[in-house]
Amino acid sequence: MKLSKSMQNHLGKIELNPKQLAQLNSMQQELVVNKQPANLLTKKIALSLVATMVLIITITFFAMQKSMPQEYWIAQIADEVAKNHLTPKPLEVVSNQILDVQNYFTKLDFLPISSQIFNQQLSKKLTGGRYCSIEGSRAAQLRFVEDKYNHTTLFQTNYTGEFSDKLKLHDNSTPITTYARGVEITIWQEKGLLMVTAKNKKQLP
Amino acid sequence: MLNKQQLNKLYQYSYSLTTNSDDAYDLLQTGLEKYLRKNTNNITNEMAYIRQIIRNQFIDQQRRKKCITFESIEADKYQTTLAIDTSSLEQIVIVEEQAKMVWELLSTSEREIIYLWAIEGYTAKQISDETRVPRGTILSRIHRLKHRIGNQFKQLKGDE
């Protein structure tokens, strides 16, 4: 008899007894049948936990933001506009006519205005403007010069919605003045717009 | 789930490694449990995969006992050019009663080769792929195996 056939016969006699077969089948039943639901259940629980955590973190984040005092938001806005003022980016529209500049801003959900409160201040000359943002909201940035050393940036954005929740500014109320990064920042609300100016006053020695 | 035939084949494979039915059953049970607990969705050859688990489990057990009966792969590295294959084993003819005697003559790695060749119908290349032992090493083991069995029967005939 060939070696392969005799080995097949020899090993063929080695078989699991009924008790061993029953044990192995029972183990398979237990592990295979319970495996998938267990895995699915574990995955579902893990996903639910992650989703709950994300939800809690998001709610906490927004709740904390909403509960922040007005001073916090003024400081945040002041710091952002001061930074923009100190590192000016190129103007997108160059004109000393407010109408030209107003016509340029077509992608805003508000119309930049010629501020009466701002105009009461020292005589300034409009040089142009560009798009920017304040606290993630689209804004218009208008630049003015007083003289060779002093210039002012006026930021305008929509007050209604996000900013009206953070700041309690009444229309034409007295502007709030603060400082950030050495720059004088003035904030007020005018005709439904949030107006912020950043002014550097360089003094000659 | 594995059926009776598949379980018996794996039991025979475990027996090829251990030469003891109780140890073979323990090895099969442990290997099967490990397999069932794993994520095995992408396994294409289930039986080969379980044999691999059983094989690794067996080697681990032998290492723990510090009595590795597997032949060193290094020992065979200079014998890789023998012009033989599993077909040479077919030339051996024995009577059925001698099968048990032959089985007891073999080392663990030789019994594994015999199992994969005689039961699974594997070629030297397929044995090499499954056991991750170079094909040349498998061939040299077959060569030694053939000579050993041949010599044993010559001796037996001489004794008669």
TODO: Considering each residue of segment A:93-104, count those that are part of a helix (DSSP H, G or I) and either of a type outside the set (D, E) or surrounded by 16 or more Cβ atoms within 10 Å (Cβ to Cβ) (or both), and give that number.
DONE: 6
Open item on the list: The conditions are (1) of a type outside the set (D, E); (2) part of a helix (DSSP H, G or I); (3) surrounded by 16 or more Cβ atoms within 10 Å (Cβ to Cβ); (4) not assigned by TED's automatic domain parsing to the domain that holds A:Y131, and A:T60 fails exactly one of them. Which is it?
Closed with: (3)
TODO: Restricting attention to helices (runs of 4 or more DSSP H) lying wholly within segment B:33-129, give those where 2 or more residues are away from chain A (no Cβ under 14 Å), modelled with pLDDT of 85 or more and surrounded by fewer than 16 Cβ atoms within 10 Å (Cβ to Cβ).
DONE: B:46-65
Task: Which listed residue, of A:M53, A:M7, is at pLDDT below 85 and either surrounded by fewer than 13 Cβ atoms within 10 Å (Cβ to Cβ) or within 30 Å of B:V102 (Cβ to Cβ) (or both) - done: A:M7
TODO: Identify the single condition in (1) more than 27 Å from the chain's Cα centre (by Cα); (2) in a loop (DSSP other than H, G, I, E, B); (3) of a type in the set (A, V, I, L, M, F, W, C) that A:L169 does not satisfy, given that it satisfies every other one.
DONE: (1)
Task: Qualifying positions in segment A:133-166 - in a loop (DSSP other than H, G, I, E, B), hydroxyl-bearing (S, T, Y) and touching a Lys or Arg at 6+ places or on another chain (Cβ under 6 Å) - done: A:Y149
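The rows are residues; the columns are (1) free of Cβ contacts under 8 Å to residues at least 40 places away in the same chain; (2) in the same structural domain as A:N172 (by TED's automatic domain parsing); (3) over 30 Å from A:K191 (Cα atoms).
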{"site": "A:Q29", "(1), (2), (3)": "yes, no, yes"}
{"site": "A:L41", "(1), (2), (3)": "yes, no, yes"}
{"site": "A:L47", "(1), (2), (3)": "yes, no, yes"}
{"site": "A:V50", "(1), (2), (3)": "yes, no, yes"}
{"site": "A:V54", "(1), (2), (3)": "yes, no, yes"}
{"site": "A:P90", "(1), (2), (3)": "no, yes, no"}
{"site": "A:T106", "(1), (2), (3)": "yes, yes, no"}
{"site": "A:F118", "(1), (2), (3)": "no, yes, no"}
- [ ] Spot the failing condition for A:N17; the list is (1) away from every other protein chain (no Cβ under 12 Å); (2) modelled with pLDDT of 90 or more, and only one is missed.
- [x] (1)
Open item on the list: For segment B:14-32, give me each residue that is more than 9 Å from chain A (Cβ to nearest Cβ) and not small (G, A, S).
Closed with: B:L17, B:T18, B:T19, B:N20, B:D22, B:D23, B:D26, B:L27, B:T30
Task: segment A:106-115, residues that are closer than 18 Å to A:G161 by Cβ and either crowded, with 16+ Cβ neighbours inside 10 Å or hydrophobic (A, V, I, L, M, F, W, C) (or both) - done: A:L108, A:F110, A:L111, A:P112, A:I113
TODO: Out of A:G182, A:G129, report the one residue that is among the small types (G, A, S) and exposed (fewer than 13 other Cβ atoms within 10 Å of the Cβ).
DONE: A:G182
TODO: Being touching a Pro at 6+ places or on another chain (Cβ under 9 Å) and at pLDDT 90 or above is the filter here, so list the residues in segment A:140-153 that pass it.
DONE: A:A140, A:Q141, A:L142, A:R143, A:T153
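For (1) outside any loop (DSSP other than H, G, I, E, B); (2) touching a strand residue (DSSP E or B) at 6+ places or on another chain (Cβ under 8 Å); (3) more than 11 Å from every other protein chain (Cβ to nearest Cβ); (4) modelled with pLDDT under 85, each residue gets a yes or a no:
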position: A:A22; (1), (2), (3), (4): yes, no, no, no
position: A:N39; (1), (2), (3), (4): yes, no, no, yes
position: A:N84; (1), (2), (3), (4): yes, yes, yes, no
position: A:T106; (1), (2), (3), (4): no, no, yes, no
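The values are calculated or read from the model by the stated rules, or taken from the named source; none is laboratory data. Please read all numbers here as calculations on a predicted model, not as lab measurements. Ideal geometry is used to build each Cβ from the backbone, glycine not excepted, and the neighbour counts take in all protein chains shown.
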